Amino acid sequence: MRADFADKVVYQVYPKSFKDSNGDGEGDIQGMIQKLDYLKGLGIDYLWTTPVFLSPMNDNGYDVADYYKINPQFGTMADMDMLIRECNKREIGLILDMVFNHTSTDHEWFQRALAGEKEYQDYYFFKDGKPDEVPTNWQSKFGGSAWEYVPSLEKWYLHLYDVSQADLNWENPKVREELKKVIRFWKEKGVKGFRFDVINVISKPEIFENDLEGDGRRFYTDGSHVHEHLKELVADTGIEDMITVGEMSSTSLENCIRYSNPEEKELSMCFSFHHLKVDYKDGDKWSLIEPDRMALKKLFEKWQEGMQQNNGWNALFWCNHDQPRIVSRMGDENRCWKESAKMLAAAVHMMRGTPYIYQGEELGMTNAHYTDISQYRDVESLNYYEILLSQGKTKEEALKILASKSRDNSRTPMQWSAEKNAGFSDADPWLGVPENYKEINAEKETKETDSIYSFYRRLIELRKEKKVISEGSIEFLERENADVLAYKRAYEKEEIIVFNNLTGKEITVQMQPEWKEYHKLLGNYPDDSANIDGEKLVLRPYETLSLEA
Ligand code: GLC
């Protein structure tokens with residue numbers, strides 16, 4: 001079993017929205033430094049910051065123009081060095097985000113390719129062709145074709161994401177060497193780990209062909225050389241003992257076992273997203289359906305048990321800068337805001353894996369509730385708004401979909417206090433603050449013992465106190481009951497049973513006779529008056545209850 005990061009918790013910061021120190025309406029590195037004591041207070045071990053490198057910011061930094069320079073909007077290299085130092089002082093390890101599937105088209109390599117240098121054209125995928133002969137029918141993940149034509153070169157280039165994000169050719173050894181240099185540079189600076197952006201799409205097929213069944217993803221997802229490339233990158237940069245997490249797009253359990261099994265010497269853990277697609281209709285993110293709770297449970301069972309059997313390791317998470325807020329999505333932010341946010345937290349933090357908390361999640365921050373397209377900034381949301389209209393949706397329908405699905409829902413400014421702009425900035429923030437910041441903010445919640453913040457703190461503490469949480473085995477219970485996510489964790493003589501009512505109604509679950517002797521370890525209802533009624537346990541709306549042997 002892999003225990004290296006089993007008792008650790010990672011906190012993710014989206015710097016542009018975390019804390020503005022210089023009054024320009026955008027967060028920055030000095031802002032992060034100001035809030036390190038807040039993070040220390042929460043009890044986290046690692047701080048992952050999304051990219052702060054030089055970038056035209058078409059995709060908010062996931063379009064890197066220079067991996068060795070800091071975007072002036074976020075600060076300077078001196079600020080970055082200070083952030084690393086200040087993190088180390090507090091025993092918080094800094095994790096940087098490596099966007100290695102693509103570079104910005106502003107990157108010098110791409111610019112030299114455009115200027116006609118063959119050597120740099122081989123850093124990317126350029127294909128000869130006429131303007132009306134797109135090389136394949138592959139689709140960009142942000143909508144439209146994955147190919148863009150460059151008239152001056154009479155060539156097309158591949159971009160699986162935005163047109164300003166050109167895919168790198170990992171089959172070219174020079175590209176791999178360049179990327180290793182980037183890792184070594186940051187490792188030497190004292191960074192403690194890396195998150196690898198969409199790392200499972202880096203290995204493209206030798207021959208590019210039309211996908212007659214889909215959008216092309218089956219040709220490059222977990223591609224044929226991906227494991228080989230990862231092993232080489234890790235070995236040649238000496239990062240096998242650091243925390244490394246790969247973001248895996250449309251991946252499989254089998255591949256994630258290989259990516260994260262320590263014997264393979266690839267990564268420490270993976271983000272997979274299947275459990276966050278249970279509210280997509282037929283795989284379409286831009287649809288509106290209620291989350292399928294049974295599907296959610298089956299996915300957790302499959303991934304938790306599958307990783308456990310094969311010595312893989314999960315990153316546990318609900319939220320990040322690409323996902324709508326979980327309390328709005330699977331909880332009830334109106335009627336049971338606090339209860340449902342806590343239940344959702346416990347549901348993943350008590351599982352087997354390394355938990356990740358995305359900024360503001362620990363406060364129960366909600367979706368943005370924007371009502372006008374002018375309020376959105378995200379490139380994907382703006383693209384899809386047009387696509388939805390072109391598919392015949394009305395403006396109201398398209399806005400309703402964005403209000404539930406847009407990535408901007410998670411990118412709103414961090415709600416620090418009840419002051420102007422939620423205490424995020426003195427200036428108008430780059431993206432609007434949700435109206436609820438007077439009730440939902442860090443200043444208030446850090447003072448309250450029963451706040452969502454305090455509950456997250458307790459979850460982090462418990463993972464450090466109890467081996468049964470960090471290292472125990474997991475077995476799912478109540479498998480046929482869609483309303484409750486329940487599991488048993490066990491380690492030597494220790495045992496914990498975790499129940500999570502996924503619904504807003506009262507439900508009952510079966511009790512085993514021996515559980516009656518167990519005591520309550522954690523719950524989200526202040527009184528214990530409930531719950532055991534004969535052979536049954538009654539769970540109140542969104543109740544989470546952990547019983548310990
Ligand atoms: C990842 C990032 C996302 C970005 C995309 C392209 O999915 O999390 O924000 O847009 O990769 O780099």
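Every number here is computed from the coordinates shown, using simple stated rules; none is lab data. Source: prediction; values computed, not measured. Cβ coordinates were reconstructed from backbone atoms using ideal geometry, including for glycine residues, and neighbour counts include every protein chain displayed.
Averaging over every viewing direction, what projected area does the convex hull of the Cα atoms of the stretch 63-179 cover, in nm²?
8.9 nm²
So for 13, 182, fewest C-beta neighbours within 10 Å to most, what's the order?
Ranking 13, 182 by Cβ neighbours within 10 Å, fewest first, gives 182, 13.
Any idea how far the Cα center of the stretch 377-443 sits from the one of the stretch 300-333, in Å?
Cα centroid to Cα centroid, the span is 23 Å.
Could you work out how much longer the chain between residue 235 and residue 24 gets when fully extended? Use 0.36 nm per residue separation minus the Cα distance between them, nm to one decimal.
Result: 71.8 nm gained on full extension.
Could you work out the relative contact order of the chain? I mean the mean sequence separation of Cα pairs under 8 Å and 6+ apart, divided by the number of residues, in percent.
Computed over the chain, the figure is 13 percent.
Which one, 14, 82, 207, is farthest towards the positive end of the dipole of the chain when Lys and Arg carry +1 and Asp and Glu -1 on their Cβ?
It is 82, whose Cα lies furthest towards the positive end.
Taking amide H atoms as placed 1.01 Å from N in the peptide plane, list the residues 5 or more away in sequence, or in a different chain, whose amide H sits under 5 Å from that of residue 168.
Excluding prolines and chain starts, which carry no amide H, the hits are 102, 103.
Only Lys, Arg, Asp and Glu count, each charged at its Cβ (+1, +1, -1, -1), so figure out the dipole size of the stretch 108-167 about its Cα centre, rounded to 20 debye.
Around 100 debye, computed over the stretch 108-167.
Over all distinct Cα pairs, what is the inverse of the mean 1/r for the chain, reported as the Kirkwood hydrodynamic radius in Å?
After inverting the pairwise mean of 1/r, the radius is 24.3 Å.
Using 5 Å bins from zero, what percent of all Cα-Cα pairs in the stretch 473-548 falls into each bin?
3, 16, 29, 29, 16, 6, 1, 0
Can you give the log10 of the normalised intensity I(q)/I(0) at q = 0.23, 0.25 Å⁻¹, computed with Debye over equal Cα scatterers of the stretch 139-210?
-1.16, -1.25
Taking Cα centroids, how far is the stretch 10-74 from the stretch 232-257 in Å?
The stretch 10-74 and the stretch 232-257 have Cα centres spaced 23 Å from each other.
What's the FRET efficiency of residue 390 with residue 428 using the Cβ-Cβ distance as r and R₀ = 30 Å, to the nearest 0.05?
Working from the Cβ atoms, E equals 0.40.
Taking the Cα centre of the stretch 78-208 as the origin, how large is its charge dipole in debye, to the nearest 20, when only Lys and Arg (+1) and Asp and Glu (-1) carry charge on their Cβ atoms?
Using only the charged Cβ atoms, the result is roughly 620 debye.
Taking the Cα atoms only, what angle lies between the long axis of helix 452-465 and the longest principal axis of the chain, rounded to 10 degrees?
So the helix axis and the longest Cα principal axis differ by about 90 degrees.
Taking Cα atoms, how many degrees apart are the long axis of helix 173-188 and the longest axis of the chain, rounded to 10 and kept between 0 and 90?
50 degrees
Using Cβ counts within 10 Å as a stand-in for footprinting exposure, how do 134, 433 rank, fewest first?
Taking fewest neighbouring Cβ atoms as first place, the list is 134, 433.
From the P(r) of the stretch 108-167, can you give the percent of Cα pairs sitting at distances over 19 Å?
Percentage above 19 Å: 22.
Of 120, 504, 61, which is farthest on the positive side of the dipole of the chain, counting Cα position, with +1 on Lys and Arg Cβ, -1 on Asp and Glu Cβ, and the Cα centre as origin?
With unit charges placed on the Cβ atoms, the residue in question is 504.
What's the angle, to the nearest 10 degrees (0 to 90), between helix 226-237's Cα axis and the longest principal axis of the chain?
Once rounded, one gets 90 degrees.
Suppose R0 equals 30 Å. What FRET efficiency, 1/(1 + (r/R0)^6) with r the Cβ-Cβ distance, do residue 310 and residue 225 give to the nearest 0.05?
The computed FRET efficiency comes out at 0.85.
Quick check: pseudo-label points 7 Å beyond the Cα along Cα→Cβ at residue 465 and residue 88, how many nm apart are they?
Simple spin-label model gives 3.3 nm for this pair.
Assign unit charges at the C-beta atoms only (+1 for Lys and Arg, -1 for Asp and Glu), then state the dipole size of the chain relative to its Cα centre in Debye, rounded to the nearest 20.
Rounded to the nearest 20 debye, it is 840 debye.
Along the charge dipole of the stretch 248-344, which of 273, 256, 306 sits closest to the positive end, that is, farthest toward it, with unit charges on the beta carbon of Lys, Arg, Asp and Glu (+1, +1, -1, -1)?
The Cα lying farthest towards the positive end belongs to 273.
Seen from all sides and averaged, what is the projected area of the convex hull of the Cα atoms in the stretch 389-515, in nm²?
Mean orientational projected area (the stretch 389-515, Cα hull): 13.2 nm².
Whole-Hz ³J(HN,Hα) for each residue in the stretch 208-220, computed from phi via Karplus 6.51 cos²θ - 1.76 cosθ + 1.60 with θ = phi - 60°, x for glycine and proline: what do you get?
Per-residue couplings from phi come out as 8, 10, 5, 9, 7, 10, x, 9, x, 4, 5, 7, 10 Hz.
How high is the FRET efficiency from residue 372 to residue 335, r the C-beta distance, R0 35 Å, rounded to 0.05?
0.85
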